[in-house]
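Some notes on the structure that comes next.
Every number in this text was worked out from the coordinates using simple rules, so none of it is lab data. These figures come from a predicted structure and were not determined experimentally. Cβ sites come from the backbone with ideal geometry, for glycine too, and all protein chains shown count toward neighbours.
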Amino acid sequence: MEYDERLARFRQGHVNPFDRGENDGTTDRKDTPKLEVRPELFSGEPKSQSSDRAMDLGLAEDHFSRPVGSFVASDIEQLKQAIEECKRLILELPEHSERQKDTVVKLIHLRLKLQELKDPEEDEPNLRILLEHRFSKEKSKSVKQTCDKCSTIIWGLIQTWYTCTGCYYRCHSKCMNLITKPCVRSKVSHQSEYELSICPEVGLDKQDYRCTECRSPVSLRGVPSEARQCDYTGQYYCSSCHWNDTAIIPARVIHNWEFEPKKVCRSSMRYLALMISRPVLKLKEINPLLFNFVEELVEIRKLRQDILLMKPYFITCKEAMEARLLLQLQDRQHFVENDDMYSLQDLIDISSGRLSCSLTEIHTTFAKHIKLDCERCQAKGFVCELCKEGDILFPFDSHTSVCQDCSAVFHRDCYYDNSTTCPRCARMTERKQEEVEL
Ligand SMILES: [Zn+2]
Ligand SMILES: [Zn+2]
Ligand SMILES: [Zn+2]
Ligand SMILES: [Zn+2]
Ligand SMILES: [Zn+2]
Ligand SMILES: [Zn+2]
């Protein structure tokens, strides 16, 4: 029963469901336009303090908040009586008056309650798997949620509803069998790639003037339903599948370094939210030019390269392990694994300056451990074998060069001047040859 829908129609003054004197819910609703029901409709008892009978129908808030299960047969009888009373009252009250409207709200409330009593919640399983969604029954009675399927309010107090534990798709129990969209979580784990063309539009005609997701007819003139474009997929959606949510679009970031949020459909919004921390963007392959234009990226790349050079010190140092130094990067695990993969969140934080701050801080802490605080790590420094002069060198020092083969560290100036061979590698080759000869 879509009471809320009928309520909305009544409120709009299109149809008074009680005009016909027939209120058993069989009104033909084939062409009912989808109307939004605002949460404030149910956000409390009507303010009217008049002594009208509606106030005496046992509709006080505590009646509804009684735990499910504590209702007994007499409650059902009472509800039925109250419903009859309400119906009479509605017919008596002046047409379209506030009091009449309030009473209709009460009637709807009562009927939903009655329906729930007849169809107890315990019948619904706690977990339902559907199109790879893992729907778990919600216990929360919060009434602020909106159903992702039918786009109307979920009345937590009186309706059963589910949330997918993978993608956070929320919907009424009654709407679950109408879902056509598979869970985006599986897309995130199986094929975690972004669409990297900016708003790749195909055109409404190619979509057959239908919503990409639910296939309901749409057009740009808004007849029969408004076509809304998703900036991420470039495709058009109906207003049930696209709520004008906004999100930062990866393609715009990668190609234009543009962070302005754009309008996206519901499923893109969920997908982008799940993907935001995943390091799936290989910047130097997708858009290497970005490093020429965005200074901050060059800085971050250098910090990341240094951190990878510091990592071998930490994984062999007991003290560093005990101090859990590497855990400072636990929110960006990929920074400990490579220096070229970025998550969208990384790029957002680079653009805001946040990442540079925190990464510089971590870099300083790491370098301090290796070069100043820890004897064990200090002992793993290098003396430049080319000039045999100066301080102990570490591969992440800015004025050094590292041999690609043996990882020996030299002054940058020494290494490039002596562009022939690395003395350490040469020594090792010699030793090997001696072993073979023996
Ligand atoms: Zn729904
Ligand atoms: Zn899901
Ligand atoms: Zn749709
Ligand atoms: Zn150490
Ligand atoms: Zn040197
Ligand atoms: Zn070498």
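Note the full-extension length gain between Ile286 and Ala273 as 0.36 nm times their separation in residues minus their Cα-Cα distance, in nm to one decimal. If you can, show how the numbers build up before the last one.
Working: separation 13, 0.36 × 13 = 4.68 nm, distance 2.12 nm.
Difference between extended and current length: 2.6 nm.
Gain in length, Cys387 to Met321, computed as 0.36 nm per residue apart minus the alpha-carbon separation, to one decimal in nm? Kindly include the intermediate steps, with their values, before the conclusion.
Details: separation 66, 0.36 × 66 = 23.76 nm, distance 3.40 nm.
Difference between extended and current length: 20.4 nm.
Amide H neighbours of Leu130 under 5 Å, counting only residues 5+ apart in sequence or on other chains, H built in-plane at 1.01 Å?
Those lying under 5 Å, H to H, from Leu130 are Phe135.
From the C-alpha coordinates alone, can you work out the Kirkwood hydrodynamic radius of the stretch 193-275, in Å?
Values: mean 1/r = 0.0786 Å⁻¹.
Over the stretch 193-275, the inverse of the mean reciprocal pair distance is 12.7 Å.
In nm, give the distance between the simple-model label positions of Glu430 and Arg412, each being 7 Å from the Cα along the Cα-to-Cβ direction.
3.0
Which of the peptides 288-296, 343-351 is most tightly packed, and how do the rest follow, judged by the mean count of other Cβ atoms within 10 Å per residue? Working shown, then result.
Numbers: 288-296: 12.4, 343-351: 19.9.
With the highest mean Cβ count within 10 Å placed first, the list reads 343-351, 288-296.
Please give the FRET efficiency for Lys368 paired with Ser140, using the beta carbon to beta carbon distance and R0 = 30 Å, rounded to the nearest 0.05. Before the final figure, lay out the partial values.
Working: r = 47 Å, r/R0 = 1.57.
About 0.05, to the nearest 0.05.
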